[in-house]
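Peer 1: Dropping a structure here in structure tokens format, bear with me for questions.
What follows is calculated from the coordinates using simple rules that are stated; it is not laboratory data. Computed from a predicted model, the values in this text were never measured in an experiment. Positions of Cβ are backbone-derived with ideal geometry, glycine not excepted, and every protein chain shown enters the neighbour counts.
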Amino acid sequence: MGKHLIVGAAGQLGIELMLALQDKVGPEQVVLADIRPIPHPSAAKSEFVQVDATDADAMKHVVERHEASTMYMLVAMLSAKGEAAPLDTWALNMQPLLHALELAKGGLIQRLFWPSSIAVFGPDAPKRMTPQTTALNPTTVYGVSKVAGELWCNYYHEKYGVDVRSLRYPGLIGFRSQPGGGTTDYAVEAFHCAAQNQALTCHLDAQERLPMMSMEDAVRGTLELMEAPSEAIKIRTSYNLHGCDFCPDELAEALDRKGLPLAMTYAPDHRQAIAGNWPDSIDDKEARKDWGWRANHDLEGLVDHMMNGIRQPTAGA
Ligand code: NAD
């Protein structure tokens, strides 16, 4: 078995996946790639390659040179940032995925993970317990690119037998890095502000309910999906995945119950329009049935987990 290559390893999810994989398979079996250096000391334990994932030849070289057989292709421009540069977002969210699928088609990569998002859903999908199969008419370029990416994954699986696996992550909440331009960023910011006794101006409405998940759950789900036998994976577009759901008001109340009052004021901006078209909660029964998915953290558990993490002296490290 070859090495595990994380592309986009310097990002929010990449750093968490790096730590989990270093623990699981050993740092020497993990290769890290990103266009920028990785702001975490544990990155030094594994090989790092600075590479532009939109460059097909460079990506092929990295895979061959480092003998990678499993790839996690995490590179993307996120939802809120993406609206400022739609064509750049389309290019960044499509090209690295297509290069990865081509490498898998050619047999260099044997198992590929690529994340989708709840952003695939638009205003005509049911908002509560949004089902796996429903209308996918997103209103953001990020959502459009995720729908297209899901269809490409399914196409390469059906046509060429590529073993590609994907999850529709909700808003991901972790304490190790700063958010990267998503619509759910306020929730990560809320924990840091509460810990530092600072006020927060929230960019969403107080009652805007969204599906969310701890990074710990997201990384565990990703590794469980990747370890499942191929025949268990019935969905090759992307699996719905649910952690918990809450609105900004409820997060502030939950923090208050833990003795961390947060002064939150509301100034909804363009991100509220994006969030308003997304689901309130997700039905993930296929992921449960096919490969045994169960979230560990509800809102209370998420608050405990985040505050413990933020208080560790090495939280940002
Ligand atoms: P992020 O923005 O924190 O990280 C993306 C990484 O990609 C960055 O480190 C960036 O330097 C790197 N990158 C950008 N352009 C590159 C290029 N040309 N070549 C190589 N590297 C490049 O994003 P994230 O939050 O870690 O998200 C990772 C994945 O998960 C994305 O596909 C995203 O769509 C998906 N996702 C994230 C969330 C969330 O809440 N964070 C929710 C749903 C889905």
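Peer 1: Where both partners of a DSSP beta bridge lie in the chain, what percent of those bridges are antiparallel, to the nearest 5?
Peer 2: If we restrict to bridges inside the chain, about 10 percent are antiparallel.
Peer 1: With r defined as the distance between the Cβ atoms of Ile310 and Arg128 and R0 fixed at 25 Å, what FRET efficiency is calculated, to the nearest 0.05?
Peer 2: The calculated FRET efficiency here is 0.20.
Peer 1: Where does helix 215-227 land angle-wise versus the long Cα axis of the chain, in degrees 0 to 90, nearest 10?
Peer 2: Roughly 30 degrees between the two axes.
Peer 1: Still on this structure, I have one more. Check each of the chymotrypsin sites (Phe, Trp or Tyr not before Pro) in region 89-132 and keep only those in coil by DSSP with at most 12 other C-beta atoms within 10 angstrom; list them in order.
Peer 2: Counting only loop positions with at most 12 other Cβ atoms within 10 Å, none of the chymotrypsin sites (Phe, Trp or Tyr not before Pro) in region 89-132 qualifies.
Peer 1: Which ordering of Ile118, Ile274 is given by a fewest-first count of other beta-carbon atoms within 10 Å?
Peer 2: Ascending number of Cβ neighbours within 10 Å: Ile274, Ile118.
Peer 1: Turning to a different aspect of this structure: Which of the lysines could be linked to Lys3 by a straight reach, that is with a Cα gap under 26 Å, when you skip same-chain ones fewer than 8 residues away?
Peer 2: Lys3 reaches Lys24, Lys45, Lys60, Lys105, Lys159, Lys234.
Peer 1: Please check: in the Gaussian network model of the chain (C-alpha springs, under 10 Å), which one of Ser117, Ser230, Ser238 has the largest mean-square fluctuation.
Peer 2: Most flexible of the set in this elastic network: Ser230.
Peer 1: Report, in debye and to the nearest 20, how large the dipole of the chain comes out about its Cα centre when Lys and Arg carry +1 and Asp and Glu carry -1 on their Cβ.
Peer 2: Computed about the Cα centre, the dipole is about 440 debye.
Peer 1: In deg cm²/dmol, rounded to 500, what helix-only [θ] at 222 nm does the chain give when every DSSP H run of at least 4 residues adds -39500 (n - 2.57) and the total is split over its residues?
Peer 2: Mean residue ellipticity at 222 nm (helix-derived): -12500 deg cm²/dmol.
Peer 1: Running a GNM on the chain with Cα contacts under 10 Å, which residue among Pro86, Pro138, Pro115 ends up with the highest mean-square fluctuation?
Peer 2: Comparing Pro86, Pro138, Pro115 in a Gaussian network model of the chain, the most mobile one is Pro86.
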